[in-house]
Amino acid sequence: MKSVNELLSIKYPIIQGGMGNISNAQLTAAVSNAGGLGTIGCGTMTPAQVESIILETKDLTDQPFAINIPINVSPYTDEMIQLVIKHKIPVVSLSAGNPAPYIGQLHEYNIKVIVIVAAVKHAQKAEEAGADVLVAEGFEAAGINSNLELTTFTLIPQICKHVSVPVLAAGGIGDGHGLAAALMLGASGVQMGTRLIATMEAPFHSTYKNRLIEASDQETVILGRSVGQVRRVLKSGYAKQIIDLERHGLSEEQYRQMTSEDFHLKGALRGDGENGFMNSGQIAGLIEDVPTVQELLDGMMSEARAVMEERLRLFTM
């Protein structure tokens with residue numbers, strides 16, 4: 001089995017999670033330039049909006065980067081596939097839907113396909129459909145999440161046991177200790193989202209970054225259980241409003257409207273927690289600084305090596 005680094009032509013086995021409509025060229029390029037795989041998330045953006053970010057990203061890096069297409073979320077999935085082909089994007093990650101109809105077409109153009117999964121059966125079906133890499137995302141992750149609510153470190157070893165393609169761990173990982181732990185459980189690398197929000201290059205509101213730095217271990221809440229559409233966000237006035245409405249029978253349509261990308265933009269880009277929300281994974285409680293992306297990735301790799309070497313010495317004494 002080829003390594004993730006070899007498959008995706010990257011230095012470090014670290015990839016950026018899709019960030020939907022708050023995706024941007026600056027952070028995507030910074031991750032790729034630092035040795036990871038930057039990712040542009042399509043969210044509900046139009047093909048023209050995504051194309052603009054692609055062109056800007058190409059101006060900022062000559063390294064590979066990916067496009068994340070949330071199949072059942074984007075109104076333009078087919079158009080996004082054509083956009084990827086047009087711009088010769090080397091890697092595509094597919095989430096929130098059945099990837100099978102798209103993998104063969106992407107492979108015709110030598111595009112590597114990553115599929116986001118949240119259960120063993122999803123992983124097996126994605127492998128059967130031809131996925132090159134899987135991202136196993138646990139319930140600790142930020143944003144739209146699986147209703148299955150399986151945790152990352154129970155999910156990873158079970159999926160790795162049942163598939164033969166590389167698996168990346170996602171959800172609750174933001175430092176070298178997390179990377180080392182994921183590798184020890186059988187993962188070939190990691191995907192991160194929340195930790196990359198609190199970096200110098202990320203063009204998000206300072207309030208968002210400061211909330212992550214100041215976060216405790218209990219700073220996130222789950223929205224949408226009552227309507228079967230789970231999302232993990234930072235605690236805020238707006239999040240509390242949604243939770244209160246859920247207790248009184250919030251409809252699925254009302255929930256969708258209140259958690260649309262417009263309200264995500266208000267929180268992430270304007271820092272407005274009273275009229276919008278900020279996605280966050282449970283890793284927030286471990287974030288203490290705002291480094292450059294290069295410092296973050298270099299530090300994670302060094303820390304992971306040191307941790308694994310130290311632990312190995314316990315068995316050789």
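What follows is calculated from the coordinates using simple rules that are stated; it is not laboratory data. All of these numbers come straight from a predicted model, not from anything done at the bench. A quick note on method: Cβ atoms are made from the backbone with ideal geometry, for glycine too, and the neighbour counts reach across all protein chains shown.
Considering only 237, 131, 281, whose Cα is most displaced toward the positive end of the charge dipole of the chain, charges sitting on Cβ of Lys, Arg (+1) and Asp, Glu (-1)?
So the residue furthest toward the plus end is 131.
Using amide H atoms built 1.01 Å from N in the peptide plane, name the residues 5+ places from residue 200, or on other chains, whose amide H lies under 5 Å from its own.
Answer set, sorted by chain and number: 292, 293.
In terms of Cα to Cα distance under 25 Å, which lysines are near enough to residue 161, apart from those fewer than 8 places away along the same chain?
2, 112, 121, 125
Full extension from residue 2 to residue 310: what is 0.36 nm times the residue separation minus their Cα-Cα distance, to one decimal in nm?
Stretched fully, the residue 2-residue 310 segment lengthens by 108.2 nm.
If you take every DSSP beta bridge fully contained in the chain, what fraction is antiparallel? Give it as a percent rounded to 5.
Expressed as a percentage, antiparallel bridges in the chain total about 20.
Classify segment 220-279 as rounded, prolate or oblate from the Cα gyration tensor: take a ≥ b ≥ c as the square roots of its eigenvalues, call it rounded if a/c is under 1.5, otherwise prolate when a/b beats b/c and oblate if not.
Judged from the Cα gyration tensor, segment 220-279 comes out prolate (a/c at least 1.5, a/b above b/c).
Return the loop-located chymotrypsin sites (Phe, Trp or Tyr not before Pro) in segment 246-317 (DSSP other than H, G, I, E, B) with at most 13 other Cβ atoms within 10 Å of their own Cβ; answer none if there are none.
Filter output for segment 246-317: 315.
Arrange 107, 264 by Cβ neighbour counts within 10 Å, fewest through most, would you?
With the sparsest Cβ surroundings first, the list reads 107, 264.
Counting Lys and Arg as +1 and Asp and Glu as -1, each charge on the Cβ, what is the dipole of the chain about the Cα centre in debye, to the nearest 20?
It comes to approximately 440 debye.
DSSP loop chymotrypsin sites (Phe, Trp or Tyr not before Pro) in segment 53-113 with at most 16 other Cβ atoms within 10 Å of their Cβ, which ones?
When the chymotrypsin sites (Phe, Trp or Tyr not before Pro) of segment 53-113 are filtered for loop state and at most 16 Cβ neighbours within 10 Å, 109 remain.
Can you give the helix-only mean residue ellipticity at 222 nm for the chain, where every DSSP H stretch with n ≥ 4 adds -39500 (n - 2.57) and the sum goes over all residues, rounded to the nearest 500 deg cm²/dmol?
Value at 222 nm, helices only: -13000 deg cm²/dmol.
Rounded to the nearest Å, what's the spacing between the alpha carbon centres of segment 111-167 and segment 209-260? Just the number, please.
24
What percent antiparallel are the DSSP beta bridges of segment 48-158, to the nearest 5?
0
Filter the GluC sites (Glu not before Pro) in segment 110-161 to those in DSSP coil with at most 13 other Cβ atoms within 10 Å of their Cβ, and list the result.
149
Please name whichever of 33, 57, 18 sits farthest to the positive end of the charge dipole of the chain, dipole taken about the Cα centre and charges placed at Cβ: Lys and Arg +1, Asp and Glu -1.
18
For segment 233-317, rounded, prolate or oblate, judged on the Cα gyration tensor with a ≥ b ≥ c (square roots of eigenvalues), a/c < 1.5 rounded, else prolate if a/b > b/c?
prolate
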